[in-house]
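Contents: one structure, followed by commentary.
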Amino acid sequence: MEFEIPDMSCGGCANAITRAVTELDPAAKLDVDVPVKIVTVTSRLPPDRVIRAIEAAGFHPSLKD
Ligand SMILES: [Cu+2]
């Protein structure tokens, strides 16, 4: 699943987002592209849980389809 996160602006943001998701699912894989503000997540978690975890870290993701 792919998320657009407009307020992700640097490597610190990328790390915070990765940490938030892997806390919930240690097996999750994230591919973070900061310049285009896209995060691709491979996880058994449903998208709404991933969104809530990223929101709790202070960002505003939206699911891309
Ligand atoms: Cu940042």
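The values are calculated or read from the model by the stated rules, or taken from the named source; none is laboratory data. Keep in mind that what you see is a predicted model, and the values were worked out from it rather than measured. Please note: Cβ atoms are built from the backbone with ideal geometry, for glycine as well, and neighbour counts cover all protein chains shown.
THR40 meets each of the listed conditions (1) without any contact (Cβ under 8 Å) to a residue 60 or more places away in the chain; (2) crowded, with 17+ Cβ neighbours inside 10 Å apart from (2). Evaluated against (1) modelled with pLDDT of 95 or more; (2) surrounded by fewer than 16 Cβ atoms within 10 Å (Cβ to Cβ), ASP65 falls short on exactly one condition, (1). In the stretch 11-22, the residues that are modelled with pLDDT under 95 form no Cβ pair under 9 Å with any partner that is assigned to a helix (DSSP H, G or I) and near the ligand (Cβ under 8 Å from one of its atoms), whether six or more places apart or across chains. The criterion of at least 1 residues that are more than 16 Å from the ligand (Cβ to nearest atom) and touching a Pro at 6+ places or on another chain (Cβ under 6 Å) is met by the following strands (runs of 3 or more DSSP E) wholly inside the chain: 62-64.
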